Every structure is written in C-alpha cells, then in structure tokens.
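Below: one structure, written as structure tokens.
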Amino acid sequence: MMIKRKKIEEKIFKVLMVLATMTIAFALMLIIYSILYKGLPSLSWEMISQTPKGGFYFGKEGGILNAIIGSLYLSIGATFLAFIVGLPVALYINVHLVKRKKIVNAIRFFLDLLWGVPSIVYGAFGFSLMIYMGIRTSLLAGIITVAFLIIPIMIRAMDEVFKEVPRGLMEAAFSLGSTKSETAYKIFFRQCVPGVITAILLSLGRGIGDAASVMFTTGYTDHIPTSLTQPTATLPLSIFFQLSSPIPEVQNRAYASALVLTIIILIISLSARMISGKYQKNKINF
Amino acid sequence: MNNHTKININNVNLSIGKQHILKNINVEIPEKKITVILGPSGCGKTTLLKCLNRLTDSYEDINVSGNIFINNKDILKSNGDITELRKKMGLLSQRPYPLPMSIYDNVAYGLKISGRKKKRFLNKRVEHYLKQASLWEETYDRLKEPASSLSIGQQQRLCLARGLAVDPEIILADEPTSALDPLSSQAIEEKFIHLKQYYTIVLVTHILRQAKRIADNIVFMYLGEVIEQGPAESFFNNPKMEKTKAYLSGAFN
C-alpha cells in the first residue's frame with residue numbers, strides 16, 4: 001500500500017518537473033522564434049555594417065553599427081571596471097574576513113539588496129552623479145553607471161565560487177607560508193578561474209542588455225564614438241527607439257537589432273565557455 | 001630529555017564560543033622524533049595540532065590561552081611574522097589538498113613566494129624534494145601536468161614534498177593516511193620513519209596500530225585533556241592511567 005502510494009507520488013512529481021522544464025524551454029523557443037521571424041527579413045549586411053541614415057526614429061536606411069560598437073564599448077568598459085573593483089572585494093570577504101562571519105553576512109546582505117535595485121534607479125543615480133561632477137551624457141558616464149549596476153552581481157557571483165573553496169586548501173596555502181593576499185590571488189583565484197569567468201560573463205550579459213541605466217547617462221547618437229566623452233548609442237536603446245517609431249519598417253528593424261544583441265550575447269557565452277574550459281585543468285576537484 | 005625538547009606546550013586552554021575544547025594542555029615534544037597524538041575522534045587532537053602553526057587564528061570565536069614554546073620562543077604571544085612561523089612547519093592534512101597548479105609548481109610554490117625564483121635553483125629543489133617524498137620516479141616526465149591528475153596517494157606525497165620544500169623543522173600531520181589505501185599509507189609511514197632523522201614529526205591519529213608502528217613518543221588525549229604521555233614503549237607496555245589501559249584494550253574508540 002505504502003509502496004504503491006510512493007510510486008504514484010514519484011510519478012506525479014516527475015510529470016510536474018517535466019512539464020515545468022518544457023514550459024520554460026517552450027517560452028525560450030517562442031522568444032527566439034519571434035525575434036527570428038520578425039527580425040531576420042530586416043537583417044542585412046547593411047544593417048550591421050553601417051551607421052543609421054535619416055535618424056533613429058524614422059530612418060529606414062543604414063544600420064545599427066553605431067549601437068553595436070557602442071554597446072560593446074560600454075559593456076566591456078563597465079565589466080572591466082566592475083571586475084577591478086569586484087575581485088578584491090570578493091577575495092577579501094572570503095579570505096581576509098574568514099573569521100568575521102557576521103560582517104561577511106552583512107556585506108552579502110547589502111550586495112543582494114543592491115542586486116535587487118531596479119536599473120532605472122542606477123540610471124537616476126548615475127545622472128545625479130554626472131550633474132554633480134559636471135559631465136555630460138557620454139560613454140564614460142554610461143560605463144560608470146553600468147559598472148555600479150553590475151558590481152553587486154559581479155561580486156556575489158564570484159563570492160559564491162570562492163565560498164566553495166575548501167578550508168583545507170586555504171590552510172594548506174597558509175601553512176606553506178602564504179600571506180592572506182597571496183592565498184587570495186594565487187590560490188583562490190586560480191582554483192576558481194572558471195567560476196570567475198562565468199561571473200564576468202554574467203555581468204557582461206547584464207550590462208550589455210540594460211536600457212534603463214544608459215538612457216540618461218549615455219545618451220544616443222548616430223555616430224560611432226571616438227572618445228569617452230561623447231554620447232554613445234547602445235543596442236537596447238536602439239531597439240527601444242526603433243520599436244516606438246510609427247513606421248512599420250523601422251519597427252521590424254527593432255527585431256533585427258534584438259537578433260543582433262542576442263547573437264552577440266551568444267558569442268560571448270560560447271567563447272567564455274571555451275576559455276573557462278581551458279583553465280579547468282588546474283582546478284582541483286574536492 | 002629536556003634540552004632536546006622542540007615544542008613545549010604549557011597550560012594551553014582553548015575554547016570556541018562557550019565550548020571548552022582543550023583543557024590545561026601540558027605537552028613536551030622531543031626533537032627529531034615521531035610524537036603521536038593519540039585519542040578517539042573528537043578529543044581535540046586536531047585542534048591541538050592547529051594551535052602549533054596558529055591555523056586556529058582563522059576560526060571565529062576562538063580563544064587560546066597559555067604558552068607554546070618552539071625553540072624557546074612563545075609562538076602564541078609573538079607578534080612576529082606568522083608566515084615565518086608557518087614556514088617552519090610542513091602540514092599534511094587528513095586528505096591531500098594540492099594547490100590548483102602543476103606538479104612542479106606545487107613544490108616550487110613555497111620557494112617562489114619567499115622570493116627564490118631562479119629557474120635552475122627551482123629545478124634542482126623540485127627534483128630533490130620529489131625524490132625525498134618518493135614521487136620523482138612517477139612524475140619526472142609529467143611535471144607540467146596539473147596536480148589533480150595524480151592519484152590520492154600520490155597527491156599526499158606531493159603535499160609532503162611541497163611541505164618539505166619550504167625547509168621546515170617540524171612536520172605536522174593530521175591523520176595523513178585516513179584517505180589513503182593501505183599501500184599508500186604504508187609509503188607515508190615509511191617516509192616518516194626515514195624523515196625523523198631530519199625533522200621533528202608530530203602525527204595525529206586515532207589508529208592504535210599506526211601509533212604502535214611508528215611512534216617514539218605518545219601523547220594520549222581524551223575529551224580535551226592529556227591523559228598520559230611518554231615514550232611509546234612504556235606507554236604501550238606499562239600504561240599508568242586507568243583510561244589509557246581501557247583505551248589500549250579497545251574499550252572506546
């Protein structure tokens with residue numbers, strides 16, 4: 001009797017799990033399908049190799065090269081900045097603060113709060129920071145704002161990886177005479193290279209796809225920026241502007257832009273995976 | 001015996017939070033001998049070992065009092081460089097923790113961080129210590145491979161080589177054979193017997209037979225206290241305390 005009930009239970013939960021997995025897969029396919037269906041006809045070589053002609057609202061000619069380049073500049077710059085700030089923090093809370101559990105938990109809690117803050121708030125914060133510092137909408141302002149946005153993600157993603165480093169490995173490093181910083185950068189970092197790359201990738205993906213934080217800070221332009229102080233176009237905003245255009249052809253171009261953005265993110269993930277696979281070999285599996 | 005004492009533990013008490021882990025520990029550890037800290041699981045042997053190179057520093061809420069003299073210097077009081085203290089001791093833990101790098105770099109790591117980076121010097125030292133840990137024959141043609149490619153037994157010998165490479169005076173070993181197969185365990189034990197002419201070895205174990213095989217000196221602990229200590233022969237053949245007799249007859253394990 002009991003065994004039979006368990007078998008039925010097992011079956012029901014299995015069906016539920018399969019169903020949930022399939023729903024998610026289906027939704028994902030649907031998104032990709034609609035981007036492909038609407039975007040592919042408008043996607044042309046012209047689209048990815050030229051800057052817009054006739055303005056971003058009404059322009060049916062030209063392309064979105066300005067936004068492609070702008071988004072890459074912006075997200076790579078912001079990710080780099082966030083990494084430089086984030087790596088020491090993530091290592092510090094896991095190595096130097098190893099015996100200060102309460103402080104570490106408080107830091108984690110605040111980072112999680114920051115992670116949850118909507119990106120438009122970061123945009124507004126960046127905007128007021130710009131006014132305070134006297135900078136105009138520019139690539140630099142955008143990089144700084146997006147860096148603020150992704151720093152909590154970057155730190156927490158790396159933190160989760162460093163947390164898994166076994167205590168024995170840390171003690172091994174200590175007993176060989178390593179200082180805390182040597183243990184952090186030479187042992188923890190090396191052990192976690194694949195995870196750190198995943199953290200960078202996660203932040204890059206978040207940074208390249210966000211529209212609200214760059215709206216006030218980076219601006220928009222038809223040109224490819226040549227310096228940090230110029231306004232810069234980004235793909236999410238170009239999607240936004242094209243989609244809000246009254247002209248159907250331009251609206252369709254929004255889906256082509258979305259397709260380009262998706263492909264860029266796909267390329268980033270794939271190459272990151274390949275790189276992290278290469279560094280996997282030194283990792284010790286405990 | 002007194003002038004050959006390497007480590008002198010004096011009235012050491014240790015508590016974590018409200019838990020009193022080590023109670024009034026007084027132990028003398030002779031130089032260039034194998035001292036086995038013996039006792040059932042959870043009696044504080046490992047904690048006592050970790051006091052010796054101050055790995056206890058990295059635990060929360062831990063409170064250590066008393067004195068531990070190594071070369072007549074109180075390491076619990078000294079504000080000196082803790083990395084220097086730790087370099088005097090090689091550590092083998094319950095399971096091997098090789099560093100996430102190549103076999104070669106594992107052995108060279110300790111030397112590199114003390115600023116000795118000359119390639120020829122490192123090559124010689126790495127070969128020397130791998131030979132000392134009886135690992136050279138198995139690894140000389142694959143030094144650039146990651147340490148993770150070695151078997152567990154080989155990894156433990158690599159950890160020994162790596163620990164010896166920083167030129168310690170003391171080897172601390174925390175149940176170093178507990179994750180190993182019988183042959184690898186035997187290899188480690190034989191290494192210890194060979195190495196005791198150069199190093200002071202402190203070995204923690206709960207395996208009575210292992211203690212009988214290799215110990216020169218025994219410290220028997222039970223529930224955070226040292227019950228009996230002394231030369232292995234008299235400890236095994238002529239135990240003085242009731243608890244020791246009970247333990248040796250297998251009453252608790």
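The values are calculated or read from the model by the stated rules, or taken from the named source; none is laboratory data. Only a predicted model underlies this, so the values are computations on that prediction, with no experimental measurement involved. Ideal geometry is used to build each Cβ from the backbone, glycine not excepted, and the neighbour counts take in all protein chains shown.
The single condition among (1) of a type in the set (A, V, I, L, M); (2) touching a helix residue (DSSP H, G or I) at 6+ places or on another chain (Cβ under 7 Å); (3) away from every other protein chain (no Cβ under 14 Å); (4) over 19 Å from A:Ile155 (Cβ atoms) that A:Leu266 does not meet is (2).
Considered as a group, the residues in region B:232-253 that are of a type in the set (Lys, Arg) and outside any loop (DSSP other than H, G, I, E, B) include one that is surrounded by the fewest Cβ atoms within 10 Å (Cβ to Cβ), and that residue is B:Lys245.
Within region A:144-199, the set of residues being aromatic (Phe, Trp, Tyr) and either touching an Asp or Glu at 6+ places or on another chain (Cβ under 6 Å) or farther than 19 Å from A:Arg108 by Cβ (or both) comprises A:Phe174, A:Tyr185, A:Phe189.
For region B:70-81, a residue qualifies if it is assigned to a strand (DSSP E or B) and either over 26 Å from B:Lys18 (Cα atoms) or at pLDDT below 85 (or both), and the qualifying residues are B:Ile70, B:Lys73.
Do the conditions hold for A:Thr232, that is, is it away from chain B (no Cβ under 14 Å), surrounded by fewer than 17 Cβ atoms within 10 Å (Cβ to Cβ) and either of a type outside the set (D, E, K, R) or part of a helix (DSSP H, G or I) (or both)? No, not satisfied.
Please work out if B:Leu158 is modelled with pLDDT under 90 and in a helix (DSSP H, G or I). Judged against the criteria, B:Leu158 is not a match.
One residue is enough: does region B:151-158 have a residue meeting the conditions without any contact (Cβ under 8 Å) to a residue 60 or more places away in the chain, at the interface with chain A (Cβ under 9 Å from one of its Cβ atoms), surrounded by fewer than 23 Cβ atoms within 10 Å (Cβ to Cβ) and among the β-branched types (Val, Ile, Thr)?
Here is the first cut: in region B:151-158, the ones without any contact (Cβ under 8 Å) to a residue 60 or more places away in the chain are B:151-155, B:157.
Checking the rest, the ones that are also at the interface with chain A (Cβ under 9 Å from one of its Cβ atoms) come to B:155.
Okay, now just the ones that are also surrounded by fewer than 23 Cβ atoms within 10 Å (Cβ to Cβ), so none.
No; the residues of region B:151-158 include none that is without any contact (Cβ under 8 Å) to a residue 60 or more places away in the chain, at the interface with chain A (Cβ under 9 Å from one of its Cβ atoms), surrounded by fewer than 23 Cβ atoms within 10 Å (Cβ to Cβ) and among the β-branched types (Val, Ile, Thr).
Is it true that A:Gly205 is part of a helix (DSSP H, G or I), away from every other protein chain (no Cβ under 14 Å) and over 15 Å from A:Asn94 (Cβ atoms)? Step through it out loud before you land on a result.
Numbers: part of a helix (DSSP H, G or I): yes; away from every other protein chain (no Cβ under 14 Å): yes; over 15 Å from A:Asn94 (Cβ atoms): yes.
Answer is yes for this residue.
The residues in region A:158-193 that are at the interface with chain B (Cβ under 7 Å from one of its Cβ atoms), closer than 18 Å to B:Pro146 by Cβ and among the charged types (D, E, K, R) can be counted, and the count is 1.
Residues checked against (1) touching a residue at least 60 places away in the same chain (Cβ under 8 Å); (2) of a type in the set (Lys, Arg); (3) more than 12 Å from chain A (Cβ to nearest Cβ); (4) within 23 Å of B:Ser178 (Cβ to Cβ):
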site	(1), (2), (3), (4)
B:Thr35	yes, no, yes, yes
B:Pro40	yes, no, yes, yes
B:Lys45	yes, yes, yes, yes
B:Leu48	yes, no, yes, yes
B:Leu52	yes, no, no, yes
B:Asp57	no, no, no, no
B:Asp61	no, no, no, no
B:Asn79	no, no, yes, no
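Looking across region A:78-129, the residues that are β-branched (Val, Ile, Thr), free of Cβ contacts under 8 Å to residues at least 60 places away in the same chain and assigned to a helix (DSSP H, G or I) come down to A:Ile84, A:Ile103, A:Val104, A:Ile107, A:Val121. Checked against (1) more than 17 Å from the chain's Cα centre (by Cα); (2) closer than 22 Å to A:Lys283 by Cβ; (3) surrounded by 15 or more Cβ atoms within 10 Å (Cβ to Cβ); (4) not β-branched (Val, Ile, Thr), B:Ser134 passes all but condition (2). Of the residues in region B:186-197, at least one is under 28 Å from A:Ala173 (Cβ atoms), free of Cβ contacts under 8 Å to residues at least 24 places away in the same chain and assigned to a helix (DSSP H, G or I). Would you pick out the residues in region B:161-181 that are aliphatic (A, V, I, L, M), within 19 Å of B:Tyr109 (Cα to Cα) and not in a loop (DSSP other than H, G, I, E, B)? Passing the criteria: B:Ala161, B:Leu164, B:Ala165, B:Ile170, B:Ile171, B:Leu172.
Among residues belonging to region B:63-77 that are out of contact with any Lys or Arg (no Cβ under 8 Å at 6 or more places or on another chain) and among the aliphatic types (A, V, I, L, M), point out the one that is farthest from the other protein chains (Cβ to nearest Cβ). Walk me through how you get there before you give the answer.
At the first step, the residues of region B:63-77 found to be out of contact with any Lys or Arg (no Cβ under 8 Å at 6 or more places or on another chain) are B:63-66, B:68-69, B:72-74, B:77.
Those still in the list that are among the aliphatic types (A, V, I, L, M) too: B:64, B:68.
Details: B:Val64: 13, B:Ile68: 16 Å.
This residue is B:Ile68.
Within region B:89-112, take every residue that is part of a loop (DSSP other than H, G, I, E, B) and either surrounded by 18 or more Cβ atoms within 10 Å (Cβ to Cβ) or touching a His at 6+ places or on another chain (Cβ under 9 Å) (or both) and give me the one that is farthest from the other protein chains (Cβ to nearest Cβ).
So the first thing to find is which residues in region B:89-112 are part of a loop (DSSP other than H, G, I, E, B), and the list is B:93-101.
Those still in the list that are either surrounded by 18 or more Cβ atoms within 10 Å (Cβ to Cβ) or touching a His at 6+ places or on another chain (Cβ under 9 Å) (or both) too: B:93, B:95-101.
Values: B:Ser93: 5, B:Arg95: 7, B:Pro96: 9, B:Tyr97: 4, B:Pro98: 6, B:Leu99: 6, B:Pro100: 4, B:Met101: 6 Å.
Among residues in region B:89-112 that are part of a loop (DSSP other than H, G, I, E, B) and either surrounded by 18 or more Cβ atoms within 10 Å (Cβ to Cβ) or touching a His at 6+ places or on another chain (Cβ under 9 Å) (or both), the one farthest from the other protein chains (Cβ to nearest Cβ) is B:Pro96.
A:Thr183 satisfies every condition listed in (1) within 26 Å of the chain's Cα centre (by Cα); (2) within 23 Å of B:Leu91 (Cβ to Cβ); (3) surrounded by 16 or more Cβ atoms within 10 Å (Cβ to Cβ) except (1).
I'd like to know if region B:113-123 contains one or more residues that are within 21 Å of A:Ile187 (Cα to Cα), away from every other protein chain (no Cβ under 14 Å) and either buried (at least 18 other Cβ atoms within 10 Å of the Cβ) or in contact with a strand residue (DSSP E or B) (Cβ under 6 Å, 6 or more places away or on another chain) (or both). Among the residues of region B:113-123, at least one is within 21 Å of A:Ile187 (Cα to Cα), away from every other protein chain (no Cβ under 14 Å) and either buried (at least 18 other Cβ atoms within 10 Å of the Cβ) or in contact with a strand residue (DSSP E or B) (Cβ under 6 Å, 6 or more places away or on another chain) (or both), which makes the answer yes. Within region A:237-272, which residues are over 17 Å from A:Gly54 (Cβ atoms) and either in contact (Cβ under 8 Å) with a residue 60 or more places away in the chain or not in a helix (DSSP H, G or I) (or both)? A:Leu237, A:Tyr255, A:Ala258, A:Leu259, A:Val260, A:Leu261, A:Thr262, A:Ile264, A:Ile265, A:Ile268, A:Ser269, A:Ala272 - these are the residues of region A:237-272 that are over 17 Å from A:Gly54 (Cβ atoms) and either in contact (Cβ under 8 Å) with a residue 60 or more places away in the chain or not in a helix (DSSP H, G or I) (or both).
The number of residues in region B:23-56 being among the aliphatic types (A, V, I, L, M) and more than 15 Å from the chain's Cα centre (by Cα) comes to 2.
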